Amino acid sequence: MDALMELGQRVLAQQPFSTLLGTRLTRLEKGEAELELPLRAELSQQHGFAHGGVLSYLADNALTFAGGSAMDVPVVTSEFKINYIRPALGSRLIARARALHAGRRQSVCHCDIVALTDEGETLVAVAQGTIAAMSKRETP
């Protein structure tokens, strides 16, 4: 495992919410990230598909990993927008994010979220966000 992936694994392990959900970081390269989340009944809404908040969480985290790896500094999400395309049904969600532009202070990133079923992958949501470098006084 390379140093960037090791760092990403440590960061994810420090996020109690990610640990609670069972999120896995499956790929991290400069400016690109992939997160996976097994779907289970507790993550569903009343119609039986993944809750929109689960998709938003996954997009937010993937965008931040992609932007942070592109900028190589501690970061936080400044803003993001998500479009839900179709119900998320299947065994697993996969969020693939990439930095579209990275500067010194911010990175603009895109994320596709797919649901994995026996038939393959289905695009269920897309997101775009701005990831901001933390100032020295904000960094713990």
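The values are calculated or read from the model by the stated rules, or taken from the named source; none is laboratory data. As the structure is a computational prediction, the values presented were derived from the model and not from experiment. FYI the Cβ positions are ideal-geometry reconstructions off the backbone, even for glycines, and counts take in every protein chain you see.
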Are there any pairs with C-beta distances below 8 angstrom linking a residue in segment 117-129 that is free of Cβ contacts under 8 Å to residues at least 40 places away in the same chain to a residue that is surrounded by 14 or more Cβ atoms within 10 Å (Cβ to Cβ) and charged (D, E, K, R), with the two at least 6 apart or on different chains, and if so which? Leu123/Asp112
If you scan segment 66-101, which residues turn out to be under 26 Å from Thr122 (Cα atoms), part of a helix (DSSP H, G or I) and among the hydrophobic types (A, V, I, L, M, F, W, C)? Ala66
Among residues belonging to segment 99-138 that are more than 20 Å from Met71 (Cα to Cα) and not hydrophobic (A, V, I, L, M, F, W, C), point out the one that is nearest to the chain's Cα centre (by Cα). Asp112
Taking the criterion of being touching a residue at least 40 places away in the same chain (Cβ under 8 Å), of a type in the set (Phe, Trp, Tyr), buried (at least 19 other Cβ atoms within 10 Å of the Cβ) and within 18 Å of Thr130 (Cβ to Cβ), would at least one residue in segment 54-63 satisfy it? yes
Cβ-Cβ below 6 Å, separation at least six or inter-chain, first residue in segment 26-45 and touching a residue at least 40 places away in the same chain (Cβ under 8 Å) and closer than 17 Å to Asp60 by Cα, second part of a strand (DSSP E or B) and of a type in the set (A, V, I, L, M): which pairs? Gly31/Ala99; Ala33/Ala97; Leu35/Leu25; Leu35/Ala95; Glu36/Ile94; Leu37/Leu93
Out of (1) under 19 Å from Gly48 (Cα atoms); (2) in contact with a strand residue (DSSP E or B) (Cβ under 9 Å, 6 or more places away or on another chain), the one Asp118 does not meet is (2)
For segment 12-41, how many residues meet the condition of being part of a helix (DSSP H, G or I) and within 19 Å of Thr117 (Cβ to Cβ)? 1
Taking segment 1-39 and the residues there that are surrounded by fewer than 12 Cβ atoms within 10 Å (Cβ to Cβ) and farther than 19 Å from Ala70 by Cβ, the one that is modelled with the lowest pLDDT would be Met1
From the list Ser91, Ser107, pick out the single residue that is in contact (Cβ under 8 Å) with a residue 40 or more places away in the chain, of a type in the set (Gly, Ala, Ser) and over 17 Å from Leu35 (Cα atoms). Ser107
